[in-house]
Amino acid sequence: MIFHLTSKKPVLLVGNGVRAAGAAELIVKFAEKTNIPVLTTMNAVDLAQDNLRLGFVGTYGNRVANMIIAECDLLISVGARLGLRQIGPVPERFAPNAKLIRADIDQYELSRNVKCDEEKYLIDAKDFMKMLLEESIPDYVQWKSRCLEAKKILEEFDKEVGNLAVEEIASLLPANPVVAVDVGQNECWCAQSLSLSGSQGRIFIGGGYGSMGCGLPFAIGASIAIGNKNVFCITGDGGMQMNIQELETVKRERLPVKILILNNHVLGKISEIQYVSYDSRFAQTTIESGYSVPDFEKIAIAYGIKAATLMSCDGLSKYRDWMTDDEPCLINICIPDNTLLIPKINWDTGEICPHLESEVVQRVNDILKEV
């Protein structure tokens, strides 16, 4: 038997290998059968949406997801690489109280130990999930309810303007949408806060599959693949400039791609690193150091695409009709240039930053420690 029946706080961690194996529906089936909390990697956030959504793990992961990982006693990882961005530089800090079970099709990934006593299965994710579904596993609804309670407590924290903008975008999306996300701060904000309605939606995240600028080409390809239907592209000002000429493709092919730019007028992820780690020695990332942003609205109109500029995400609801019609559009959403990407796990200490009030952390820890 794969599952450890002695476990009181099991977690299923799924990576993009699950999608590649065609096992997405089995994840939902397993979660509904056992009520075991499902966490994801960044590239696999669309595998656990709607009522399954707790968050993704890792350096920029949701605080509640990383706290659940720290508390669980059994971690079943399926199709997830468990690289440094997920487990950190010190493996002993990752899921310190848990027995680790890893299922992966790549023998070279399994050749690298995360824990010295981990159990490994060199197997296709779909076959592995079928085996799990055949086992007699208890109902963990009480453990899952505690995880959801912890998530509810933490919902009001770790929200920058970027997260709020993504939440506003999500509120306008139809059920089961197709969303393409670029590389950069917008990528992490979407992984943290883009909550989809329905279990069949797709979020194509750049991750390790594309560099900055991949969002719009992803959206174009996705729209064509599903019969020239609506696809939503969330990108940043830097990413948009990398492939801005593809607006002509969108217009020429009459693709209903809805482009939403989170525009903070800086190369946010790089400038944030320069700010935090290099004493604010900015280079080609801010207006003062050699980076600038064009008028995206005018450029889109020049290409024949309807467009608008918003000074905040508050007015986004006025363009709800644009999200559902069969025409392409571009909405340039301005956000402050000092918008940070939080939370973040400190590489040296393994702590989640910024620190919350000790009373809040203790309250969440007490909930997750209950048996």
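Each value in this text was obtained by applying a stated rule to the coordinates, not by laboratory testing. Owing to the predicted nature of the structure, the values given are computational and were not obtained by experimental measurement. Note that each Cβ is placed from the backbone with ideal geometry, even for glycine, and that neighbours are counted across all protein chains shown.
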Item to complete: For each of ILE76, ILE220, ILE153, count neighbouring Cβ atoms within 10 Å of the residue's Cβ, then give the residues from fewest to most.
Response: ILE153, ILE220, ILE76
Response to the item:
With label points set 7 Å from each Cα along the Cα-to-Cβ direction at GLN107 and ASN176, the distance between them in nm comes to 3.9 nm
Worksheet, complete the sentence: Note: ASP279 to LEU133 extended length (0.36 nm per residue) minus current alpha-carbon separation gives 47.4 nm
Worksheet item: Hey, what angle do you get for helix 125-134 against the long axis of the chain, alpha-carbon based, 0 to 90 degrees rounded to 10?
Response: 50 degrees
Fill in: Those lysines that a straight Cα-Cα span of less than 30 Å connects to LYS258, excepting residues fewer than 8 apart in one chain
LYS159, LYS229, LYS269, LYS298, LYS306, LYS318, LYS344
Item to complete: Report, in whole Å, the centroid distance computed from the Cα atoms of the stretch 336-367 and the stretch 142-175.
Response: 15 Å
Worksheet item: Picking from ALA125, ILE76, LEU54, whose Cα lies most toward the positive end of the charge dipole for the stretch 10-156 (charges on Cβ: Lys, Arg +1; Asp, Glu -1)?
Response: LEU54
Item to complete: Using only the alpha carbons of the stretch 55-169, determine the length spanned along each of the three principal axes and report them from longest to shortest in whole angstroms.
Response: 42, 34, 29
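What ranking do 250-256, 326-332 get when scored by the average of other Cβ atoms within 10 Å per residue, highest first?
The most tightly packed comes first, giving 326-332, 250-256.
I'd like the FRET efficiency for PHE157 and ARG252, computed as 1/(1 + (r/R0)^6) with the beta carbon distance as r and R0 of 45 Å, rounded to 0.05.
About 0.50, to the nearest 0.05.
Where does the chain land at 222 nm, in deg cm²/dmol rounded to the nearest 500, when only DSSP H runs of n ≥ 4 count, each adding -39500 (n - 2.57), divided by all residues?
Values: 15 runs with 130 residues, N = 371.
My calculation for the chain gives -9500 deg cm²/dmol from helical runs alone.
I need PHE282, PHE232 ordered by Cβ neighbour count within 10 Å, fewest first.
PHE282, PHE232
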Worksheet entry | Rough spin-label spacing in nm, given labels placed 7 Å along Cα→Cβ, for ARG363 and ASP117 | 3.6 nm
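When THR34, THR41 are ordered from fewest to most other Cβ atoms inside 10 Å of their Cβ, what list results?
Fewest-to-most Cβ neighbours within 10 Å comes out as THR34, THR41.
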Worksheet item: Using 18 Å as the cut-off for backbone N distance, which residues of the stretch 206-247 belong to the label zone defined by a point 7 Å from the Cα of HIS265 along Cα→Cβ?
Response: 236-241
Worksheet item: Where is the GNM fluctuation largest for the chain (alpha-carbon springs, 10 angstrom cutoff): GLY88, GLY184, GLY221?
Response: GLY221
Discussion item. Please give the Cα centre distance for the stretch 91-137 versus the stretch 191-237, rounded to the nearest Å.
Written reply: 29 Å
Item to complete: Could you check the simple spin-label distance between SER197 and TRP347, using points 7 Å along Cα→Cβ, in nm with one decimal?
Response: 4.1 nm
